[in-house]
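Here it is: the structure, laid out below.
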């Protein structure tokens, strides 16, 4: 439907409901909706007839909605009638679409009657705080206790201040920091919200009313609060529904007197208290931004990788993407994350690698480590740009070793080391590889138990795979290695990303106590791939690594 036809249909539909064009934009209309039977005047604005940008609805007279607290009304975009998931509306039926929007707005306003508005506002209280500046809290939410002290600071690069943050100290990897200030946390186990009809405090006097009116803070002494704020320190409140903070704007004349030493520090609280009705507040909206909080948000299970020490062997096309995914699942937080790779990044790599042009010539392990630090400055990753097989003691100090090299000799050697029992703390060995130049991908988890080891999957060096995810007779089968790019066969970046995905899922299943299928396979190229069900491969009687050992058991 073209724009003109859509606008004509919207016009006819709204006029049919008693709306008339407003003296504003092309598709702005005034009219009434009925909220619990009472007429309420609204303005509806349709900025986009495709509805990618949703219509906006504004109250024309707030007094017509006679409730103390009106939830879901935003100052700049009108009534917030759609949830975070959005409101699906049909661009091919624009008339019905605007009617649905009006109906949703009506239902939203009705929530504000019968006390529901207060509950809705409390649920979304942080959005109503109208903070002047967001603050990234780099302390884990789980570590915050009542009275915890920290430091707020600005993080910058060069001459540009990038964001305000809270940490244990004014230090952050990869950033310069400035303007540190003290922070104290209060923790409320109850929801916080409006007090005495006041949605948010704007002055020091308001703050006193707001604090004394919140049940969680009744034990707090206002004099101590005032003394803390008089030092231009922050007070942050952590509650189930919000992380909010504030500090006071000291009036210019008081600030000047303090700088000129005409006002002693101990006199500041009394002076500010005497003028509390005119002393303004700076409000801050906090965001839980620690590595723990960022990764825990998307890991629904009780156990992520944050407690697991991981050695990743290979930072190439699979390993680079896998390293990032591991960190996003908690690796490098409390447990060690060590990267191994001997090679430097080449321009031929970046078509499938996580890294790009600016990292060409750098060691893959160190460059991937730096990229992980850019992802989040609290990632604890180290790297060794030497052959992992010459650092077996280091490997053995990790709970999980992941082989992402896709190189047969390395895969076999690591399998031998793991099955030989020389490892120290290593409980699992996980392999991930691209099969037959992108026909498919596989991952294999070895726990040295009753199931197969890696060499059981291909017992004969020059023999077939037991569970191939592609036709091994295909002309794009692995070619003998040559110098340069003579044996290079192109395949797209989705293959290593899919291989990394299989591996990270296997690692998560293992750390959660349910390893699941040890061999996992996915077809990448539908023309050359061969389906393989996830399975627990049985040991091979012809395996040169473990067959004799199993007999001896």
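The values are calculated or read from the model by the stated rules, or taken from the named source; none is laboratory data. From a predicted model like this one, the values you see are computed outputs, not experimental measurements. Positions of Cβ are generated from backbone atoms using ideal geometry, with glycine treated the same way; all protein chains shown enter the neighbour counts.
Take residue 279 and tell me if it is within 20 Å of residue 208 (Cβ to Cβ), within 26 Å of the chain's Cα centre (by Cα) and assigned by TED's automatic domain parsing to the domain that holds residue 204. Walk me through how you get there before you give the answer.
Numbers: within 20 Å of residue 208 (Cβ to Cβ): yes; within 26 Å of the chain's Cα centre (by Cα): no; assigned by TED's automatic domain parsing to the domain that holds residue 204: yes.
Judged against the criteria, residue 279 is not a match.
Could you list, in sequence order, all residues of the range 158-174 that are surrounded by fewer than 18 Cβ atoms within 10 Å (Cβ to Cβ), in contact with a strand residue (DSSP E or B) (Cβ under 7 Å, 6 or more places away or on another chain) and in a strand (DSSP E or B)?
Within the range 158-174, 161, 162, 163 meet the criteria.
Against the conditions (1) within 42 Å of the chain's Cα centre (by Cα); (2) on the phi < 0 side of the Ramachandran plot, where does residue 15 fall short? Just the number, please.
All conditions pass for residue 15, except number (1).
In the list 254, 263, 192, which residue meets the criterion of being more than 32 Å from the chain's Cα centre (by Cα) and in a loop (DSSP other than H, G, I, E, B)? Spell out the reasoning first.
On the way: 254 fails: in a loop (DSSP other than H, G, I, E, B); 192 fails: more than 32 Å from the chain's Cα centre (by Cα).
Only one candidate qualifies: 263.
If you scan the range 511-550, which residues turn out to be surrounded by fewer than 20 Cβ atoms within 10 Å (Cβ to Cβ), assigned to a loop (DSSP other than H, G, I, E, B) and either under 30 Å from the mean Cα position of the chain (by Cα) or free of Cβ contacts under 8 Å to residues at least 24 places away in the same chain (or both)?
Answer for the range 511-550, where residues must be surrounded by fewer than 20 Cβ atoms within 10 Å (Cβ to Cβ), assigned to a loop (DSSP other than H, G, I, E, B) and either under 30 Å from the mean Cα position of the chain (by Cα) or free of Cβ contacts under 8 Å to residues at least 24 places away in the same chain (or both): 512, 513, 514, 515, 516, 517, 526, 527, 533, 534, 541.
Let me ask you something else. Just to be sure before I move on: is residue 131 modelled with pLDDT under 90, part of a loop (DSSP other than H, G, I, E, B) and under 22 Å from residue 244 (Cα atoms) in the structure I sent? Even if it seems obvious, please write down each step before you answer.
Details: modelled with pLDDT under 90: yes; part of a loop (DSSP other than H, G, I, E, B): yes; under 22 Å from residue 244 (Cα atoms): yes.
So residue 131 passes the test.
Further question: Looking only at the range 424-442, count how many residues are under 28 Å from residue 492 (Cβ atoms) and in a loop (DSSP other than H, G, I, E, B).
Number satisfying all stated conditions: 4.
Answer with yes or no whether residue 114 is under 22 Å from residue 59 (Cα atoms) and either part of a loop (DSSP other than H, G, I, E, B) or at pLDDT 90 or above (or both).
In short, yes.
Tell me, which residue of the range 22-40 that is in contact with a strand residue (DSSP E or B) (Cβ under 6 Å, 6 or more places away or on another chain) and not in a loop (DSSP other than H, G, I, E, B) is surrounded by the most Cβ atoms within 10 Å (Cβ to Cβ)?
29
Could you name every one of the strands (runs of 3 or more DSSP E) located completely within the range 309-423 that has at least 1 residues being surrounded by fewer than 19 Cβ atoms within 10 Å (Cβ to Cβ) and in contact (Cβ under 8 Å) with a residue 12 or more places away in the chain?
Values: elements: 310-313, 337-340, 381-384, 400-403.
Those strands (runs of 3 or more DSSP E) span 381-384.
Sticking with this structure for a sec: Tell me whether the range 139-146 contains one or more residues that are closer than 18 Å to residue 239 by Cβ, more than 25 Å from the chain's Cα centre (by Cα), assigned by TED's automatic domain parsing to the domain that holds residue 226 and modelled with pLDDT of 90 or more.
Among the residues of the range 139-146, at least one is closer than 18 Å to residue 239 by Cβ, more than 25 Å from the chain's Cα centre (by Cα), assigned by TED's automatic domain parsing to the domain that holds residue 226 and modelled with pLDDT of 90 or more, which makes the answer yes.
Exactly one of (1) touching a strand residue (DSSP E or B) at 6+ places or on another chain (Cβ under 8 Å); (2) on the phi > 0 side of the Ramachandran plot is unmet by residue 177. Its number?
If we test residue 177 against (1) touching a strand residue (DSSP E or B) at 6+ places or on another chain (Cβ under 8 Å); (2) on the phi > 0 side of the Ramachandran plot, just (2) comes out false.
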